[in-house]
1. State all residues of region 115-131 that are of a type in the set (A, V, I, L, M, F, W, C) and either open to solvent by 20 Å² or more (accessible area, probe 1.4 Å) or in contact with a strand residue (DSSP E or B) (Cβ under 6 Å, 6 or more places away or on another chain) (or both); if no residue qualifies, say none.
2. Within region 138-192, count every residue that is at positive phi, away from the ligand (no atom under 14 Å from the Cβ) and part of a loop (DSSP other than H, G, I, E, B).
3. Please state which one of Ala387, Ala328 is among the aliphatic types (A, V, I, L, M) and touching a residue at least 24 places away in the same chain (Cβ under 8 Å).
4. Quick check on this structure: which one of Glu101, Glu79, Glu93, Glu59 is acidic (Asp, Glu), away from the ligand (no atom under 16 Å from the Cβ), open to solvent by 40 Å² or more (accessible area, probe 1.4 Å) and over 21 Å from Ile11 (Cβ atoms)?
5. Can you find a residue in region 207-219 that is small (Gly, Ala, Ser), open to solvent by 20 Å² or more (accessible area, probe 1.4 Å) and under 21 Å from Leu108 (Cα atoms)?
6. Please identify the pairs in which a residue from region 104-127 that is of a type in the set (Val, Ile, Thr) has its Cβ atom under 6 Å from the Cβ atom of a residue that is assigned to a loop (DSSP other than H, G, I, E, B), counting only partners at least 6 apart or on another chain.
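The values are calculated or read from the model by the stated rules, or taken from the named source; none is laboratory data. Here the structure is a predicted model, which means the values were calculated and not measured. With ideal geometry, Cβ positions are generated from the backbone for all residues, glycine too; neighbour counts draw on all protein chains shown. All accessible areas refer to the heavy atoms of the entire protein, side chains included, with ligands and DNA or RNA removed. Shrake-Rupley method; radii C 1.70, N 1.55, O 1.52, S 1.80 Å.
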Amino acid sequence: MTEDDAIDVLICGAGAAGLTLAIDLARRGVSFRLIEKMNDPFGGSRGKGIQPRTMEVFEDLGIVDRIAASGAFYPRQREYHGDGSVKDGALFEAGDPIPSEPYGAPLLVPQFLTEGAMRERLAELGHAPEFGCALIAFKQDGQDVTARLANGSEEQTIRARYLVGTDGGRSFVRQALAVGFPGKTLGVRAIVADVTLTGLSRDVWHRFNEGSMEMQISFCPLAETGFFQLQGPVPLEGDIDLSAEGLSALTAERTGCTDIVIQSVSWASAFNMNARLADSYRVGRVFLAGDAAHTHPPTGGQGLNTSVQDAYNLGWKLAAVLSGVPEALLDSYEEERRPIAASMLGLAVRLLEDMKRGEIRRGREVRQLDIAYLGSSLSLEEPKRQARVLAGSRAPDALLKGAAGQPARLFDLFKGPHWTLLGFDMETAGVQPRKGLHIHTIGQGGNLIDSENQFRETYEPAPGDWILVRPDGYVGAVVSQGKLPALETYLHDVGLRAGAVARR
Ligand SMILES: Cc1cc2nc3c(=O)[nH]c(=O)nc-3n(C[C@H](O)[C@H](O)[C@H](O)COP(=O)(O)OP(=O)(O)OC[C@H]3O[C@@H](n4cnc5c(N)ncnc54)[C@H](O)[C@@H]3O)c2cc1C
């Protein structure tokens, strides 16, 4: 057993949440270890829906294009009814990209490919998950968390300033903290399997007997893989044969077609649907994120997305506190993210009820673009205003021009670990440059030109307004020129202090 020097953050679990946090901390230069108890990467497709808000997060993390290239947009669905009739339709309401929302529709990417792209990005940043390494015990004091790790028969004790449990629905970290996980088992058991098969085309999502919990079965083609994702409810009790023969027999029974034959099964699972939310996301120096903090039925395609966005909310706050910002900033993680998970749980359960009736249609609410932290202690508006974009709202994209005439997207200006301050129609600037803050002025005499009024129409600023965008792409503050002292206080409180410029 060895005693190492304390690292900043120990991340327990290298699923989507742990990998997101690791990428974010790596690009901020925070020291961490990302441990994963499995010996190999997870190989299943399960969380395959990537929502538009998550695509924006992935753009910031530098992985959106490689993830999009490894999947596709959702195909249309083909419903086969018991009376032999067939109906084609869209699972989602169409959402075309617009300048303020560049990602209109969700992507369909198997989870193992999403996580693979994340590991690639992490490797570019000089890090990798430690597979075969489990957290088996931990304790904390005012300074550190002391954690015991097991790698095969080897054990190691390490110290970290913070521990984040991104260790999934059965979270060891949550249980060790004795944090309650109330909610309910939804009385639905289902199978999910990645299969190759013959007898079905790959251009649509084939859905048989929607609305019947006894006979429903669906086959979703997973682009770029050759697999279909097979899904269907199964009885609550009893063994399910998840072999190719077993799934072929189930398919024949539910579809009435003996020509649909499962050739191979690369991954399969039978699971009970739960809706549960952790009583607390933080105990001292230990945090919960992702499925460790909330489990959803898969009906809304929300779980992986909510998990990624938990980590994205926590990453910059941990980095800020590790560089000297008061600990209280970390309380805003639970304050902001727990209500979001509560409402996602409500949505996923509602969609499950729709699915039982064969009426599932996913609308704008699943795209996660309207998630906002309006009442958060980090949202400052001086004076209060009436507008679509308020302090706490997601900061929309807009296409502007640089003063030299070149195209300039707001999302390109936001990209990276910094904060962004946008001043609109300023007569005098008045905010000092400082480390970690990028300042741009838009309009009269500014360094950006709102040539098509996209900024003005989306953000609805008044002349002299400052709009401060957080590192995670939410509006932190909207402040008029006359209220600059309030902005200065905010900047100071989040660690953006004037004069904090590195000197040689
Ligand atoms: C059938 C199905 C379909 C789904 N469809 C969707 C969908 O369409 N869209 C969507 O957004 N979500 C979907 N989900 C949910 C999604 O898969 C999860 O929300 C997502 O995987 C959560 O990521 P996570 O990183 O929090 O946890 P996980 O992916 O569960 O990762 C946790 C990791 O922690 C590791 N670990 C656990 N304990 C320890 C320990 N003590 N030490 C070290 N490592 C440990 C585990 O091995 C695991 O790799 C679906 C889920 C299922 C089951």
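1. Going residue by residue through region 115-131, those that are of a type in the set (A, V, I, L, M, F, W, C) are 117-118, 122-123, 125, 128, 131.
Ala123, Leu125, Ala128, Phe131 - these are the residues of region 115-131 that are of a type in the set (A, V, I, L, M, F, W, C) and either open to solvent by 20 Å² or more (accessible area, probe 1.4 Å) or in contact with a strand residue (DSSP E or B) (Cβ under 6 Å, 6 or more places away or on another chain) (or both).
2. Of the residues in region 138-192, 1 are at positive phi, away from the ligand (no atom under 14 Å from the Cβ) and part of a loop (DSSP other than H, G, I, E, B).
3. The conditions single out Ala387.
4. On the way: Glu101 fails: open to solvent by 40 Å² or more (accessible area, probe 1.4 Å); Glu79 fails: open to solvent by 40 Å² or more (accessible area, probe 1.4 Å); Glu59 fails: open to solvent by 40 Å² or more (accessible area, probe 1.4 Å).
Glu93 is the lone residue from the list that is acidic (Asp, Glu), away from the ligand (no atom under 16 Å from the Cβ), open to solvent by 40 Å² or more (accessible area, probe 1.4 Å) and over 21 Å from Ile11 (Cβ atoms).
5. Looking through region 207-219, none of the residues is small (Gly, Ala, Ser), open to solvent by 20 Å² or more (accessible area, probe 1.4 Å) and under 21 Å from Leu108 (Cα atoms).
6. Matching pairs, first to second residue: Val109/Ser70; Val109/Gly71.
To keep it simple, each residue is scored yes or no on (1) at positive phi; (2) open to solvent by 30 Å² or more (accessible area, probe 1.4 Å); (3) within 16 Å of the ligand (Cβ to nearest atom).
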{"site": "Gly290", "(1), (2), (3)": "yes, no, yes"}
{"site": "Pro297", "(1), (2), (3)": "no, no, yes"}
{"site": "Gly303", "(1), (2), (3)": "no, no, yes"}
{"site": "Glu327", "(1), (2), (3)": "no, yes, no"}
{"site": "Ser332", "(1), (2), (3)": "no, no, no"}
{"site": "Met344", "(1), (2), (3)": "no, no, yes"}
{"site": "Leu347", "(1), (2), (3)": "no, no, yes"}
{"site": "Leu352", "(1), (2), (3)": "no, no, yes"}
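Conditions tested, residue by residue: (1) within 13 Å of the ligand (Cβ to nearest atom); (2) surrounded by fewer than 21 Cβ atoms within 10 Å (Cβ to Cβ); (3) not assigned by TED's automatic domain parsing to the domain that holds Arg170.
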| site | (1), (2), (3) |
| --- | --- |
| Ile11 | yes, no, no |
| Gly18 | yes, no, no |
| Ala22 | yes, no, no |
| Leu25 | no, no, no |
| Asn39 | yes, yes, no |
| Arg46 | yes, yes, no |
| Met55 | yes, no, no |
| Val64 | no, yes, no |
| Ala68 | no, yes, no |
